[in-house]
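The values are calculated or read from the model by the stated rules, or taken from the named source; none is laboratory data. Fair warning: this is a prediction, and the values are worked out from it, not measured in the lab. Virtual Cβ from ideal backbone geometry, glycine too; neighbours counted across all protein chains shown. Only protein heavy atoms, including side chains, enter the accessible area calculation; ligands, DNA and RNA are left aside. Shrake-Rupley method; radii C 1.70, N 1.55, O 1.52, S 1.80 Å.
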Amino acid sequence: MLQHKEEALTYLSGFGNELESEMIPGALPVGRNSPQQAPFGLYVEQLSGSPFVTPRHLSRRSWLYKQMPTASHGAFVMIDAEDFLSESATVAEGNRIRLQRQPDELVPAAFPFGVVTLTITGSCAGRSGGAVHAYAISEDADAPAFSNADAEMLWIPTTSKLRCHTEFGVLEIVPGEIALIPRGVKLLAQPEKGGEARGYLIENYGQPFQLPDLGPIGANGLAAARDFLHPVAQVHDRRGPMRWVNKFAGSFWATDLAFTPLDVVAWRGNYLPCKYDLSRFMVVNTVSFDHADPSIFTVLTSAGGPAGAPNLEIAIFPPRWQVAEDTFRPPWFHRNTMSEAMGLVVGKYEVRSDGFQPGGLAIHNCMMGHGPDASSWVAASTRKLEPEYLLGTMAFVLESALPFVATTKALESTARQNDYHSAWQGFQRVTLPEKA
Ligand SMILES: [Fe+2]
């Protein structure tokens, strides 16, 4: 089995692969999943990520060999997770919206606190769309374990390392990497010792993210399955007691356990958390003129949107060569049927000359005109075109078939640029030639 060593952590590679891992040799049953007595007396639990009758290539499930069955918990009590929302109290705004940075109102706390929801699309109960949140996680020795029955979670750090001790083992991600935690998988998300972790948390309420089909690109290119890394089995060393918070139907439910729920001694299956280094993305683009559509930057896609559209899709804009001749090289002016929520991981975004910072968010909903601001347009329209390397940037766009509804907290944040429309002022109207 291929293994990747990174610092002290070991990972198993391959998106969607059937993998297995055991913390103690012999903990996995051989040749069957649920023997009458599992090795070491471990409890056997199946975690299903797709309906049982799903076609084989989409079927996702894992078998867990645990010290305690999940079912052994006591009653849950509903708690308030404050600004971690699944529904917005506002109407969908008819304007383009931009937050220049993370909301200033975001107060770091132990996850799932320290989260401010920025925008929601679709419905978690309806299993469509998703949400974009800002997170700021502080160190807390009593931080709870968390699971999310509503969504798969995509973590995009912008500041500092994030350590996710999941049921399947440990994933560590730094800015420039992402982590994908399947629906229902328990985890403890923590910053480095003495630090604070910040970034974006995307919930996908719909079908799990997959690698996109490649069509005429062929069998290789974009994100490669080999670069998605899964943890190895590791029971958490904080034995307990530990609080476990589960998000279900938009509410948060807590129960206190005598022992850690991160107690999977061995596992096998293909329903697994993973991480991915965005710098491994093989960028494809024109080598002649014009632009290919930005779908060539798609990292992951979730099927199931209306009328054949994706439910959600995430694309990145990484460092890359630009070589197109006689071409306006930055993204053009456009209006799309898909709605867009755009964020910045590091550096600057290529079509903005003002203060959009990592952690900020721009929302351009269905058919809202956007593109380069006036000064970027002038610069890109007049510059001498030579091959150039675009460096020091990593932006992403989350596309949804349904509109993004900003939350009250986002709309009223001091980080919001209230005159965002001014980015597109200052263009001169084209004067047509006089008729002869
Ligand atoms: Fe756009």
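Odds and ends about this structure:
- For Val185, distant residues with modelled amide H under 5 Å away: Asn148
- Averaged per residue, region 293-348 has 43 square angstrom of accessible surface, using a 1.4 angstrom probe with ligands and nucleic acids left out.
- Highest mobility in the GNM of the chain, judged by mean-square fluctuation with C-alpha springs under 10 Å and restricted to Thr414, Thr70, Thr54, is found for Thr54.
- Region 328-427: relative contact order as a whole-number percent, Cα under 8 Å and 6+ apart: 37
- With a cut-off of 14 Å between beta carbons, the residues surrounding Ser400 carry a summed charge of -3, where Lys and Arg count +1 and Asp and Glu -1.
- Accessible carbon and sulfur surface of the chain relative to its total accessible area, %, 1.4 Å: 54
- Anisotropy class of region 45-165 from Cα gyration tensor, a/c 1.5 cut: oblate
- Formal net charge of residues neighbouring Ser295 (Cβ-Cβ distance under 11 Å; K, R +1; D, E -1): -4
- Charged neighbours of Asp419, selected by a Cβ distance under 13 Å, balance to +1 (K, R count +1; D, E count -1).
- Taking all protein chains as they are arranged and a probe of 1.4 Å, the heavy atoms of Met23 leave approximately 80 Å² accessible to solvent.
- With a cut-off of 14 Å on the backbone N, the residues of region 263-282 near the modelled label site 7 Å out from Ala224 along Cα-Cβ are 277-282.
- When DSSP beta bridges are restricted to pairs lying wholly in the chain, around 95% turn out antiparallel.
- If a spin label sat at a point 7 angstrom from the Cα of Ser251 along the line to its beta carbon, the backbone N atoms of region 102-127 nearer than 17 Å would be those of 124-126.
- Taking all Cα pairs closer than 8 Å and separated by 6 or more residues, the relative contact order of region 160-319 comes to 28 percent.
- Choice from Leu257, Leu272, Leu106 with maximal GNM fluctuation in the chain (Cα, 10 Å cutoff): Leu257
- Entry note, the chain: relative contact order of 21 percent, from Cα contacts under 8 Å with a spacing of 6+ residues.
- Here the calculated FRET efficiency for Ser422 and His291, from their Cβ-Cβ distance with R0 = 25 Å, stands at 0.45, rounded to the nearest 0.05.
- Largest accessible area first, the listed residues Asp237, Asp263, Asp419 line up as Asp237, Asp419, Asp263 when surface is computed with a 1.4 Å probe on the assembled protein chains.
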